[in-house]
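> Below you will find the structure I want to go over with you.
The values are calculated or read from the model by the stated rules, or taken from the named source; none is laboratory data. On a predicted model such as this, the values are computed, not experimentally measured, just so you know. Every residue, glycine among them, receives a Cβ derived from its backbone with ideal geometry; neighbour counts consider all protein chains shown. Just the protein is used for accessible areas: all its heavy atoms, side chains included, with ligands, DNA and RNA removed. Shrake-Rupley method; radii C 1.70, N 1.55, O 1.52, S 1.80 Å.
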Amino acid sequence: RKAWFLVTGGKRRALSRTEMLGRLYSCGFEVLEERTAGNLLYWRARKVRDPYFDNDPTYGMFIHLRRIGRHGKSFNVYKLRTMHAYSEYLQGYVYDRHQLAEGGKFRDDFRVTTLGRILRKFWLDELPMVLNMLKGDMKIVGVRPLSTHYFNLYSAELREKRIRTRPGLIPPYYAQYPTPRTLEEVQQNEMEYLTRWEKHPFRTDVATFFRALYNILWKRARSK
């Protein structure tokens, strides 16, 4: 971003649909209608809240995203970018229009870039999360760190269990095969894992790690 503005002064920059909508939502607007005419995108929006001054939209390939961790505290998860800029402000927008697909992720998520789909397929986007493990925010095995919007889709009981432990890089999702297909199945999987973890933390994480590794390498378990 700094190099672009140094060379061009920020002029004549094309914005993706995702960034345009994300900028609106970050400023407190709600999009009521979208229409495309020619190569231009038009929208009708209304102001519904104050701007999100607490968030920090990121550019470039190396990004940080706010996620809920142990004791309910927010922390930055480091990743390689797989979505357009300002995507973090559109989770509610995407959920309201597309709901969830199999595996509990957003259906037809237009925020993901072509390069991003390739990075996700091979988990390359998650390599920087090793820094979170070194900082002590995450561990190798555990439930995935969630955004506030996604966290609030979970049951109150599961939310309470989740914040008692650090989130992990390898989720219990992959230790089950076939992998969970719906949000309800994902929640059941996490509830069973956390219940076992509370009784035997080390044994549970070791067993979950090797089952997940087997499913990933030999049964080709993948997330979209």
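> If I take every Cα pair under 8 Å that is 6 or more residues apart in the chain, average their sequence separation and divide by the length, what percent do I get for the relative contact order?
Relative CO of the chain lands at 17 percent.
> Tabulate in residue order the Karplus-calculated ³J(HN,Hα) for region 18-27, using 6.51 cos²θ - 1.76 cosθ + 1.60 with θ = phi - 60°, rounded to whole Hz; enter x for Gly and Pro.
Here the 3J(HN,Hα) series is 4, 5, 4, 5, x, 5, 4, 5, 5, 8 Hz.
> Next up: Ordering Trp218, Trp43, Trp197 by accessible area with a probe of 1.4 Å, largest first, what comes out?
Trp218, Trp43, Trp197
> Also: Convert 10 °C to kelvin, take the viscosity as 1.306 mPa s, use the Kirkwood radius over C-alpha pairs of region 1-54 as Rh, and evaluate the Stokes-Einstein diffusion coefficient in µm²/s, rounded to a whole number.
Answer from the Stokes-Einstein relation: 123 µm²/s.
> Which residue, Asp125, Asp96, Asp137, has the most motion in a Gaussian network model of the chain that connects Cα atoms within less than 10 Å?
Asp96
> Need the full-extension length gain, Leu40 to Arg159, defined as separation in residues times 0.36 nm minus the C-alpha distance. One decimal, nm.
38.7 nm
> For region 101-205, compute the number of Lys pairs whose alpha carbons are separated by less than 20 Å, excluding pairs fewer than 8 positions apart on the same chain.
Eligible lysine pairs with Cα atoms under 20 Å apart amount to 4.
> Which value, in debye to the nearest 20, describes the size of the charge dipole of region 99-224 about its Cα centre when Lys and Arg Cβ atoms bear +1, Asp and Glu Cβ atoms bear -1, and nothing else is charged?
320
> Between region 192-224 and region 129-154, what is the separation of their alpha carbon centroids in Å?
Comparing the Cα centres of region 192-224 and region 129-154, I get a distance of 15 Å.
> Using only helices, what value at 222 nm comes out for the chain when you add -39,500 (n - 2.57) per DSSP H run of length 4 or more and divide by the total residues, to the nearest 500 deg cm²/dmol?
Details: 9 runs with 85 residues, N = 224.
Value at 222 nm, helices only, nearest 500: -11000 deg cm²/dmol.
> Here's a follow-up. Between Ile118 and Arg23, what FRET efficiency comes out of the Förster formula 1/(1 + (r/R0)^6) with R0 = 25 Å and r the beta carbon distance, rounded to 0.05?
Once rounded, the FRET efficiency stands at 0.45.
> Express the carbon and sulfur contribution to the solvent-accessible surface of the chain as a percent, rounded to the nearest whole number, probe 1.4 angstrom.
Carbon plus sulfur share of accessible area: 56 percent.
> Report, to one decimal in Å, the Kirkwood hydrodynamic radius for region 163-218 based on all distinct Cα pairs.
Values: mean 1/r = 0.0868 Å⁻¹.
It works out to 11.5 Å.
> How large is the Rg to Rh ratio of the chain when both quantities use alpha carbon positions and Rh follows Kirkwood? Walk me through the numbers on the way to the answer.
Details: Rg = 18.9 Å, Rh = 19.1 Å.
Ratio value, two decimals: 0.99.
> Which whole-number value in Å² is the accessible area per residue of the chain, probe 1.4 Å?
61
> Straight-line reach from Lys11: which lysines have a Cα under 17 Å away, not including same-chain ones fewer than 8 places off?
Lys2
> Which log10 I(q)/I(0) values, to two decimals, does region 1-94 give at q = 0.10, 0.12, 0.18, 0.19 Å⁻¹ under the Debye formula with one point per Cα?
-0.33, -0.48, -1.00, -1.08
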